[in-house]
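S.K.: Please see the structure below; I have some questions.
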Amino acid sequence: MLIALTRRISSRLADCELTHLQRAPIDLALAEHQHRRYLEVLARAGCGVVELDAEPDLPDSVFVEDIAIVLDEIAVMTRPGAASRRPESASVATALKDYRALLRIEGTGQLDGGDVLRIGRSLYVGQSSRSNAEGISQLRDLVAAHGFEVQAIPIRECLHLKSAVTALDDETVLVQPAWVDPGHFDRFRILEVDPDEAHAANVLRIGDQLVMPECFPRTRNRIRSAGFDSHVVDVSELQKAEGAVTCCSLVFESVPASTARPA
Ligand code: CIR
């Protein structure tokens with residue numbers, strides 16, 4: 001069974017970190033409504049949705065993707081690049097320890113889960129303002145024993161690697177070429193976002209189902225022409241906080257931690 005670990009929106013969402021966007025007023029009630037719809041889509045896509053309690057004092061805490069990388073046998077607790085986000089880890093770790101043995105990025109390492117794109121046994125990791133060389137190097141060492149290789153990928157003008165590229169299946173990626181060089185993914189079939197939809201590359205993959213924001217119909221048509229259907233959800237208020245669809249959940253196979261021991 002697939003679990004989607006999520007968290008209720010903080011009432012202080014409007015105080016979120018912003019890197020590439022200007023601050024715009026966020027309608028909190030609408031954000032909460034959209035988040036509930038997002039959870040419904042996750043359930044429709046086959047996930048058992050686990051909702052952590054809100055962390056009212058942690059504005060970005062709905063974006064649980066950045067806090068951990070859940071792999072088949074282990075989960076790596078990140079050390080988020082924004083110091084304001086580090087207190088989000090404790091409750092996510094408490095929830096994940098029932099499912100996976102936990103490893104950690106430590107010391108001066110910085111890593112956001114939004115920078116980590118898994119395809120098969122490869123982890124592509126964005127070199128971003130949030131994820132530094134030390135964090136990427138620690139991740140490489142932690143996952144090597146579990147059969148994963150790590151490849152660092154330069155990005156530009158966007159927050160995370162997964163703002164610029166996500167996988168639609170194990171053979172196909174959806175890329176925003178202004179933010180990442182598609183050449184890094186030339187072993188895959190490459191689809192590009194519609195030029196009028198700069199932020200459309202962030203698509204959430206749940207098994208063989210896809211979820212994307214409602215506001216990118218042109219890119220949705222492009223991927224449909226390539227054979228990919230998708231669920232849509234309106235996430236306009238979370239987008240003002242520089243979030244999208246991958247960032248609000250950690251989706252993983254439910255394996256009790258006792259049977260998912262590190263090698
Ligand atoms: C931040 O800047 O950390 C949040 N305002 C947005 C994080 C979005 N995370 C993601 O896409 N993985």
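S.K.: Would you mind putting 239-252, 25-38 in packing order, based on average other-beta-carbon counts within 10 Å, highest first? Could you put the intermediate results ahead of the total?
M.R.: Values: 239-252: 23.8, 25-38: 15.9.
Output ranking for 239-252, 25-38: 239-252, 25-38.
S.K.: Could you give the length gained by full extension between residue 226 and residue 18, i.e. 0.36 nm per residue of separation minus their alpha carbon distance, to one decimal place?
M.R.: 71.5 nm
S.K.: Probe of 1.4 angstrom, ligands and nucleic acids ignored: what's the accessible area per residue over region 200-263, in square angstrom?
M.R.: Working: 2710 Å² over 64 residues.
It amounts to 42 Å² per residue over region 200-263.
S.K.: Can I ask one more? State the percentage of accessible surface on region 146-216 attributable to carbon and sulfur atoms; use a 1.4 Å probe and exclude ligands, DNA and RNA. Write down the numbers at each step before the final one.
M.R.: Details: 1260 of 2850 Å².
It is 44 percent, rounded to a whole number.
S.K.: So if R0 is 35 Å, what FRET efficiency would residue 106 and residue 30 give, r being the distance between their Cβ atoms, rounded to the nearest 0.05? If you can, show how the numbers build up before the last one.
M.R.: Numbers: r = 38 Å, r/R0 = 1.10.
Here the calculated transfer efficiency is 0.35.
S.K.: Set the Förster distance to 45 Å, then compute FRET efficiency between residue 40 and residue 189 from the Cβ-Cβ distance, nearest 0.05.
M.R.: Details: r = 31 Å, r/R0 = 0.68.
Here the calculated transfer efficiency is 0.90.
S.K.: Please state, rounded to one decimal and in Å, the Kirkwood hydrodynamic radius that region 140-216 gives when every pair of distinct Cα atoms enters the mean of 1/r. Each step should come with its number before you reach the end.
M.R.: Working: mean 1/r = 0.0748 Å⁻¹.
Final number for the Kirkwood radius of region 140-216 is 13.4 Å.
S.K.: Quantify, in whole percent, the carbon and sulfur part of the accessible surface of region 64-120 (1.4 Å probe; protein heavy atoms only). Display every interim value, and only then the final one.
M.R.: Numbers: 910 of 1750 Å².
Of the solvent-accessible surface of region 64-120, carbon and sulfur hold 52 percent.
S.K.: Hey, what's the per residue convex hull volume over the C-alpha atoms of region 70-164, in cubic angstrom? Walk me through the numbers before you get to the answer.
M.R.: Numbers: hull volume 8.5 nm³, N = 95.
Output value, Cα hull per residue: 90 Å³.
S.K.: May I pose another question? Quick one: give the max-minus-min coordinate of the C-alpha atoms of region 128-263 along each principal axis, largest first, in Å.
M.R.: 44, 32, 32
S.K.: Counting only DSSP beta bridges with both residues in region 125-263, tell me the antiparallel percent, nearest 5. Mind showing how you got there, number by number?
M.R.: Values: 7 of 17 bridges.
About 40 percent, rounded to the nearest 5.
S.K.: Let me spell out the model: positive unit charges on the Cβ of Lys and Arg, negative unit charges on the Cβ of Asp and Glu, origin at the Cα centre of region 119-178. What dipole size does that give, in debye rounded to 20? Spell out each step's value before the answer.
M.R.: Details: 5 positive and 7 negative charges, 39 e Å.
Its charge dipole is roughly 180 debye.
S.K.: Only bridges with both residues in the chain count here: give the DSSP antiparallel percent, nearest 5. All intermediate terms of the calculation are to be shown ahead of the outcome.
M.R.: Details: 18 of 41 bridges.
If I count the DSSP bridges inside the chain, around 45 percent turn out antiparallel.
S.K.: Beyond 14 Å, how much of the Cα-Cα pair distribution for region 1-77 remains, as a whole percent?
M.R.: Working: 1972 of 2926 pairs.
Across region 1-77, Cα pairs with separations above 14 Å total 67 percent.
S.K.: Sort 64-77, 219-232 by packing, meaning the average of other beta carbons within 10 Å per residue, with the highest value first. List each step's numbers first, then the result.
M.R.: On the way: 64-77: 23.7, 219-232: 16.0.
Per-residue Cβ counts within 10 Å, averaged per peptide and sorted highest first, yield 64-77, 219-232.
S.K.: Taking a ≥ b ≥ c as the square roots of the eigenvalues of the Cα gyration tensor of region 39-96, is the shape rounded (a/c under 1.5), prolate (a/b larger than b/c) or oblate? Spell out each step's value before the answer.
M.R.: Working: a/c = 2.13, a/b = 1.31, b/c = 1.63.
Since a/c reaches 1.5 but b/c is at least a/b, the shape of region 39-96 is classed as oblate.
S.K.: For region 192-263 and region 96-112, what is the separation of their C-alpha centers, rounded to whole Å?
M.R.: So the two Cα centres are separated by 23 Å.
S.K.: Along its three principal axes, how long is the chain when you only count alpha carbons? Whole Å, largest extent first please.
M.R.: For the chain, the Cα spread along each principal axis is 44, 43, 35 Å.
The values are calculated or read from the model by the stated rules, or taken from the named source; none is laboratory data. The structure displayed is predicted, hence computed values, not measured ones. Cβ coordinates were reconstructed from backbone atoms using ideal geometry, including for glycine residues, and neighbour counts include every protein chain displayed. Just so you know, the surface numbers come from the protein's heavy atoms only, side chains and all, with ligands and any DNA or RNA stripped out. Shrake-Rupley method; radii C 1.70, N 1.55, O 1.52, S 1.80 Å.
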